[in-house]
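Chemist: Quick one: the structure is below, and I'll ask about it shortly.
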Amino acid sequence: MIDKVFEVLEKTLSTPAKEWLVDQTNSIANLRGTKALFLAFSLVSRQPNANQEIEFDGSIWNQEALSRLYILLKFQESHLADEVIRTISLMADTSDINEEICLNKSYQYLTTPEAYLAKVRESCRTNVVPIFESVAHGNPYPVRYFDEEGWNQLILKALFVDSTLRPILSYKDRFNADLQIMLIHFAEERMAADRPLPADWWYAQVDKAGHPDVQKIALNIHDRLSESEKADVRQALLAAGSPISEELKQLYTV
Amino acid sequence: MYIDPHIHCVSRTTDDYINMARAGICAVIEPAFWLGQPRTTSGSFVDYFSMIVGWERFRASMYGISHYCTIGLNSKEANNEKLGEEVMEILPRFICKEKVVAIGEIGYDEQTKLEDRFYREQLELAKELDMVVLVHTPHRDKKRGTYKSMDVAIEHGLPPDKVIIDHNNEETCKEVLDRGFWAGFTIYPRTKMDSRRMVEIVKQYGPERIIVDSSADWGYSDPLAVPRTAELMRKHGISEEVIKMVTYQNALDAYGQSGQFKESDWLNAEKPNQKNSFFKGNGILRGSQLEHLLPSAEDDTIYH
């Protein structure tokens, strides 16, 4: 993995930037203590073109984040497993926004991704949307390591912060009855407060919009919906794997 | 447009942020300081530093204000030796993060041996990493404390133009400027320095290397001190060019040396809105409409 990361970086880093990174990682590997690691991990953001986008392993990174992944992998290579977990956890505790985003995307490439489960769960409780989405979107971490409780909270939080569910990997596979109850209660609360449902609430039902409570919601909310929202309901009803009432079929022309 | 280069936002309310944005403050620097009472564990410092590089920055951005900070062990808490040593160990985890514009605020409170030790150690760190330094000068025995702060900075090889000496008054100002340091002036409604005295200082010394700030915190202080002082300068016929230097440009030039404090950050910032991913969510707005929070055309001054 480490060679693969460096190969991608090599193509975009300028010669001085590459030399800087190699120098830093040599210090991290050879010096005692963690000062070199902490400083290098932060200082990456001060290198030229830190924001330049780079494609890596099928997703979009930038020069800064990928250099940070390289630093973590180099640190891992030269230190004992326990020390790696302890130190990276410490870095997660005090990361700034971009560092936290990078860590969330990086855990999957470390040797013990599950050791950082609590950190990733914490990132899913944030109200800072880019941090939340670094876990939720295009990241295999939740589907691999979250239990059902963690998974369901992730989905609810996505709707809460008005993020989209579509880039969540394996959303449909991990749909479960308990999640549906949570989604239904969430919708009932919103409707009681006369607030709209999040855009992806109907998509969230997968093929289970035949649930009696979901049908009830579709019926009660109809008058408040815009045409495009009605189309979302219609999509969900069409996908339903169980029978839909005649009334709903007429209402949404299913 | 104003910069308040010294304000302790964690102690301020959301109303303050709204008023600051309306008054034209586009960027703030939050120096790490004490909390009004001493911390008892280094863990409290970790969380505090994390907060000012993380959540507080996000909170400010919700009001359209670009937030920066300085990181350091303050002089008051430097008197707890064990804690001071632990904080020195923690600093490398924070000082080079994005938008950390200086080491600070460091310096003297009672000018004790321990304050001196940790001030010097942090100056060494600043020198090693080529960082800007923000120096807090003592309120008691001010004149000697201020001169000593400068002597020690020079002794450790810091160039004066990378050091901001803050909380000046009529007595300290001349020496600080003569020696080539930046001179910060904290405008407090009653004590340190008020807007009226500030006008006189600018008339006497001109705008070179003078920086006005509020140091607003948990005490009786004014988060609008910078725009208010600018307004008073206008009333006294001080030119716009001079006003801009002491309430905006000098701070930008001094802290801009860090490479972390860029005008483009706030000039090009997207206005906070529900669609802008950084600002959306239920973070702090709790369903309120952002338009009500943001400066409107009528709010061109804070004196309406």
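Every number here is computed from the coordinates shown, using simple stated rules; none is lab data. No experiment lies behind these values; they were computed from the predicted model shown. So basically every Cβ, Gly included, is an ideal-geometry build from the backbone, and we count neighbours across all protein chains shown.
Chemist: Compute the Cα gyration tensor for chain B, then decide on rounded, prolate or oblate, letting a ≥ b ≥ c be the square roots of its eigenvalues: rounded whenever a/c is under 1.5, prolate when a/b is larger than b/c in the other cases, and oblate in all that remain.
Modeler: Cα axes put chain B in the oblate bin.
Chemist: Now, a different point. For B:Lys113, give me every one of the lysines with a C-alpha distance below 20 angstrom, ignoring sequence neighbours fewer than eight places off in its own chain.
Modeler: Answer for B:Lys113, where 20 Å is the Cα cut-off: B:Lys76, B:Lys82, B:Lys142, B:Lys143, B:Lys148, listed by chain and number.
Chemist: Now for a different question. Quick one: helix A:97-106 against the long Cα principal axis of chain A, what's the angle to the nearest 10°, folded into 0 to 90?
Modeler: Once rounded, the angle reads 90 degrees.
Chemist: Would you list B:Arg209, A:Arg46 from fewest to most Cβ contacts within 10 Å?
Modeler: If I rank by nearby Cβ atoms, fewest first, I get A:Arg46, B:Arg209.
Chemist: Under a straight-distance cross-link criterion of Cα-Cα below 29 Å, which lysines are reachable from B:Lys235, leaving out those fewer than 8 residues away in the same chain?
Modeler: B:Lys174, B:Lys192, B:Lys203, B:Lys244
Chemist: Does anyone have the angle between helix A:2-12 and the longest principal axis of chain A? Alpha-carbon axes, 0 to 90°, nearest 10?
Modeler: 90
Chemist: Round to the nearest 0.05 the FRET efficiency obtained for A:Lys11 and A:Leu117 when R0 = 41 Å and r is the Cβ-Cβ distance. Could the numbers behind the result be given before it?
Modeler: On the way: r = 33 Å, r/R0 = 0.81.
The value I calculate is 0.80.
Chemist: Could you work out how far the C-alpha centroid of region A:154-184 sits from that of region B:13-68, in angstrom?
Modeler: Using only Cα atoms to place each centre, the spacing works out to 33 Å.
Chemist: Further question on the same structure: Could you please rank B:Arg140, B:Arg59, B:Arg120, placing first whichever residue has the fewest other Cβ atoms within 10 Å of its Cβ?
Modeler: Working: B:Arg140 9, B:Arg59 19, B:Arg120 15.
In increasing order of surrounding Cβ atoms, one gets B:Arg140, B:Arg120, B:Arg59.
Chemist: Where does helix A:81-93 land angle-wise versus the long Cα axis of chain A, in degrees 0 to 90, nearest 10?
Modeler: Once rounded, one gets 60 degrees.
Chemist: When you count, for each residue, the other Cβ atoms within 10 Å and take the mean per peptide, how do B:36-46, A:160-170, B:212-222 rank with the highest first?
Modeler: B:212-222, A:160-170, B:36-46
Chemist: What does the helix-only formula give at 222 nm for chain B: each DSSP H stretch with n ≥ 4 adding -39500 (n - 2.57), the total divided by the residues, and the result rounded to the nearest 500 deg cm²/dmol?
Modeler: That comes out to -11000 deg cm²/dmol.
Chemist: Would you look at the GNM of chain A, springs on alpha carbons closer than 10 Å, and say which of A:Ala40, A:Ala177, A:Ala115 moves the most?
Modeler: It is A:Ala177.
Chemist: Averaged across the residues of A:27-35, what count of C-beta atoms belonging to other chains lies within 10 Å of each residue's C-beta?
Modeler: Partner-chain Cβ atoms within 10 Å, mean over residues of A:27-35: 1.
Chemist: Partner chain Cβ atoms within 10 Å, averaged over the residues of A:40-47 - can you pull that number for me? Could you put the intermediate results ahead of the total?
Modeler: Numbers: counts 1, 3, 9, 5, 2, 6, 6, 0.
Rounded to a whole number, the mean comes out at 4.
Chemist: Still on this model: Provide, for chain A, the number of lysine pairs with alpha carbons under 13 Å apart, each pair being eight or more places apart or on different chains. Can you show the working numbers first?
Modeler: Values: A:Lys4/A:Lys74; A:Lys105/A:Lys119; A:Lys172/A:Lys208; A:Lys216/A:Lys249; A:Lys230/A:Lys249.
Going through chain A pair by pair, I get 5.
Chemist: Give, rounded to the nearest 20 debye, the magnitude of the charge dipole that chain B has about its Cα centre when Lys and Arg contribute +1 at Cβ and Asp and Glu contribute -1 at Cβ.
Modeler: Computed charge dipole of chain B: roughly 380 debye.
Chemist: Based only on other Cβ atoms within 10 Å, what is the fewest-to-most ordering of B:Ser195, A:Ser242?
Modeler: A:Ser242, B:Ser195
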